[in-house]
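Comments concern the structure below.
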Amino acid sequence: MKLVTFAPPAGPPRLGALAEGMVVDLGAALPACPASMMALLDAGAGGFDLARRAHAAGLAARAPDMCHELAAVTLLAPLPRPGKILGIGRNYGAHAAEGGLAAQEKPRVFLKASGAVIGPRAPIPRPKRITQLDYETELAVIIGRPARDVAASEAAAHIAGYTILNDVSARELQFEVSPPQTSFAKSMDGFCPMGPCLATPDEFADPDDIHLRGWVNGEPVQDGRTRDLIFPVPELIAYLSSFLTLAPGDVIATGTPAGIGAFRRPPRYLEPGDVIRMEIAEIGVLENRVV
């Protein structure tokens with residue numbers, strides 16, 4: 001399934017699923033279905049079973065209160081306020097190489113504030129004092145079951161699904177001050193676009209080789225595959241859960257492929273009016289404009 005949080009033409013946000021160019025309102029199709037993405041994750045396997053039943057019921061009925069044309073609703077971030085957002089720096093071999101750096105021996109972890117999350121097509125504000133605004137196309141993992149001291153071989157059972165995350169970064173605060181202010185540089189308002197959906201693992205033919213692409217104003221800037229990850233997703237879950245509990249609704253931003261603006265020659269930083277488009281075929285497209 002491709003699960004979404006959406007704002008209907010009237011009323012508060014709802015839990016839905018994408019299908020055939022429509023959004024199925026899962027609660028309208030089956031009132032017993034959890035009402036939000038966070039409630040769905042908290043409900044565990046039983047919640048996902050209800051979501052599947054609601055998805056099927058909505059498509060079968062196709063009633064106006066159950067199915068909305070995609071253009072008639074607003075897609076929000078799948079988790080508008082996730083729990084922890086744990087970012088992994090320099091986790092693609094090609095990205096480390098473009099910065100002239102060797103592969104790391106351990107994951108490099110930073111935090112993004114959940115308050116930075118915005119949804120598809122929401123504007124990314126560039127703070128007045130920031131001139132080195134940058135993009136990062138990332139596969140993000142959404143945790144579905146609590147994980148503490150989980151072995152890499154058992155990590156898949158703790159994944160609810162995946163989404164696209166743009167790890168927007170103010171490079172002058174990440175690279176040009178001492179000490180580096182990495183988490184701050186990545187946590188300003190609007191610096192965490194996510195979406196368009198939470199794609200469950202069964203949407204992926206090969207979760208170990210996912211294709212990520214990114215564009216700025218239609219120009220291709222990033223093209224990578226997760227087979228280039230230095231620390232694959234199961235290893236990240238094992239490493240992180242050895243230090244802290246990963247809870248349902250936590251997000252792991254797994255790193256970005258080569259092609260970020262800071263390492264282009266000359267650097268290519270984002271300006272107001274720029275449109276950033278990111279795509280993972282199994283998830284969809286995440287697009288936002290800088291303002």
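Considering only lysines 8 or more places apart in sequence, or on different chains, count the pairs in the chain whose C-alpha atoms sit under 19 Å apart. Mind showing how you got there, number by number?
Numbers: 84/112; 84/186; 112/186; 128/186.
Taking the Cα cut-off of 19 Å, the pair count is 4.
Relative contact order for the range 2-75: what percent, with Cα pairs under 8 Å and sequence separation of 6 or more? Intermediate results must be reported in sequence, preceding the final value.
Working: 121 pairs, mean separation 26.1, N = 74.
Across the range 2-75, relative contact order equals 35 percent.
Estimate the FRET efficiency between residue 70 and residue 131 by the formula 1/(1 + (r/R0)^6), using the beta-carbon distance for r and 41 Å for R0, to the nearest 0.05.
Values: r = 36 Å, r/R0 = 0.88.
Efficiency computed from Cβ-Cβ geometry: 0.70.
Using Cβ contacts closer than 10 Å as the measure, can you line up 239, 135 from fewest to most? Present the calculation step by step, with values, prior to reporting the outcome.
Numbers: 239 16, 135 30.
Ordered by Cβ neighbours within 10 Å, fewest first: 239, 135.
Could you tell me how many degrees, from 0 to 90 and to the nearest 10, lie between the Cα long axis of helix 37-61 and the main elongation axis, the longest principal axis, of the Cα atoms of the chain?
Computed tilt is about 50 degrees.
Work the Kirkwood hydrodynamic radius out for the range 196-291: mean of 1/r over every pair of different alpha-carbon atoms, inverted, in Å. Present the calculation step by step, with values, prior to reporting the outcome.
Numbers: mean 1/r = 0.0655 Å⁻¹.
Every distinct Cα pair counted, the radius reaches 15.3 Å.
In whole Å, largest first, what are the principal axis extents of the Cα atoms in the range 2-75?
Per principal axis, max minus min of the Cα coordinates gives 30, 24, 19 Å.
Which one, 230, 178, 78, is farthest towards the positive end of the dipole of the chain when Lys and Arg carry +1 and Asp and Glu -1 on their Cβ?
178
What FRET efficiency would be calculated for the residue pair residue 49, residue 203, taking the C-beta separation as r and a Förster radius of 22 Å, to the nearest 0.05? Working shown, then result.
Details: r = 17 Å, r/R0 = 0.77.
That pair, residue 49 with residue 203, gives E of 0.85.
For the range 60-137 and the range 165-198, what is the centre-to-centre distance using only Cα atoms, to the nearest Å?
A separation of 9 Å, based on Cα centres.
Could you tell me the calculated FRET efficiency between residue 263 and residue 152, based on Cβ-Cβ distance and R0 = 25 angstrom, to the nearest 0.05? Intermediate results must be reported in sequence, preceding the final value.
Working: r = 30 Å, r/R0 = 1.19.
It comes to 0.25.
Using the charge dipole of the chain (Lys, Arg: +1 at Cβ; Asp, Glu: -1 at Cβ; taken about the Cα centre), state which of 165, 270, 151 has its Cα farthest towards the positive end.
The Cα lying farthest towards the positive end belongs to 270.
Suppose every K and R has +1 on its Cβ and every D and E has -1 on its Cβ; what is the size of the dipole of the chain about the Cα centre, in Debye to the nearest 20? Before the final figure, lay out the partial values.
Numbers: 27 positive and 32 negative charges, 141 e Å.
Here the chain has a charge dipole of around 680 debye.
Give the dimensionless ratio obtained when the Cα radius of gyration of the chain is divided by 2.2 N^0.38 Å. Walk me through the intermediate numbers first.
Values: Rg = 18.5 Å, N = 291, 2.2 N^0.38 = 19.0 Å.
Scaled against compact globular proteins, the figure is 0.97.
Relative contact order of the range 125-248, please, whole-number percent, based on alpha carbon pairs below 8 angstrom and at least 6 residues apart. Present the calculation step by step, with values, prior to reporting the outcome.
Details: 205 pairs, mean separation 40.4, N = 124.
Reported as a whole number, the value is 33 percent.
In debye to the nearest 20, how big a dipole does the range 229-291 give about its Cα centre with +1 on each Lys and Arg Cβ and -1 on each Asp and Glu Cβ?
On the way: 5 positive and 7 negative charges, 66 e Å.
It comes to approximately 320 debye.
Each reported figure results from applying straightforward, stated rules to the coordinates on display, with no laboratory input. Quick caveat, the model's predicted, so the values are computed rather than measured. Methodologically, a virtual Cβ is constructed for each residue, glycine included, from the backbone with ideal geometry; neighbour enumeration extends over all protein chains shown.
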